[in-house]
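Encoded as structure tokens, the structure appears first; notes follow it.
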Amino acid sequence: MFIQTESTPNPATLKFLPGQTVLDMGTADFPSADGAAASPLATRLFTVQGVKGVFFGNDFVTVTKDDETDWDHVKPAILGAIMEHFQSGQPVMADDAQQAGSGHAAHEGEDSEIVGQIKELLDSRVRPAVAQDGGDITFHGFDRGVVYLHMQGACAGCPSSTLTLKMGIENLLRHYIPEVTEVRPVAV
């Protein structure tokens, strides 16, 4: 098994491509070891000293390290953990773990048509580009012109995430949906 690695805009995060499907649909975010029990692979990765976040996409695993750890020291252990996991035949997610379909929060009410347009633009234009950088962005809410988005994987804590939100996503949404006035990040 050959696992490729790619850098991301976040220097604390690397994207690992195992050359096979990681998740059939949706994404899974483990910003700390606390919730990793839902995934045998995430549990294994959190045993590597210095790992502080794990994120799964369709064909990639994104790992975030702490600031004290150097990639030269932790990367071989992460590669080994990913390789051992896929060779073991264990599932990436436990059988009883729920995977979100779209990852977007539900929204009911008078703004539901606008929210539908926001979600469509996120799914068609934003999320594919962000996935290439090892992350995901999901809709969290819409209130009086302000769109609230949740950043995951390489996007969470990325130095360029504010620029991505303000200059990229906010401009895109404001261009296509006049009711949008601002985009803000949320921490879940």
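Scanning segment 118-141 for residues that are surrounded by fewer than 21 Cβ atoms within 10 Å (Cβ to Cβ) and touching a Phe, Trp or Tyr at 6+ places or on another chain (Cβ under 7 Å) yields K119, L121, H140, G141. Per this entry, G141 is not counted among residues that are closer than 28 Å to T64 by Cα, outside the structural domain of F46 (by TED's automatic domain parsing) and modelled with pLDDT under 90.
Within the option set V74, V54, V63, being crowded, with 18+ Cβ neighbours inside 10 Å and over 19 Å from the mean Cα position of the chain (by Cα) holds for one residue only, V74. Scanning segment 143-166 for residues that are under 22 Å from A12 (Cβ atoms) and among the small types (G, A, S) yields G153, A154, A156, G157, S160, S161.
Residues are listed down the side, and each one gets a yes or a no for (1) exposed (fewer than 13 other Cβ atoms within 10 Å of the Cβ); (2) more than 30 Å from F142 (Cα to Cα); (3) touching a Lys or Arg at 6+ places or on another chain (Cβ under 7 Å); (4) modelled with pLDDT under 95:
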residue	(1), (2), (3), (4)
P31	no, no, no, yes
A42	no, yes, no, no
Q49	yes, yes, no, no
I82	no, yes, no, no
H85	no, yes, yes, no
G89	yes, yes, no, yes
V92	no, yes, no, yes
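When I137, I169 are checked against the criterion of being within 26 Å of K15 (Cβ to Cβ), part of a strand (DSSP E or B) and not small (G, A, S), a single residue qualifies: I137.
The values are calculated or read from the model by the stated rules, or taken from the named source; none is laboratory data. Here the structure is a predicted model, which means the values were calculated and not measured. We place every Cβ from the backbone using ideal geometry, glycine too, and count neighbours over all the protein chains shown.
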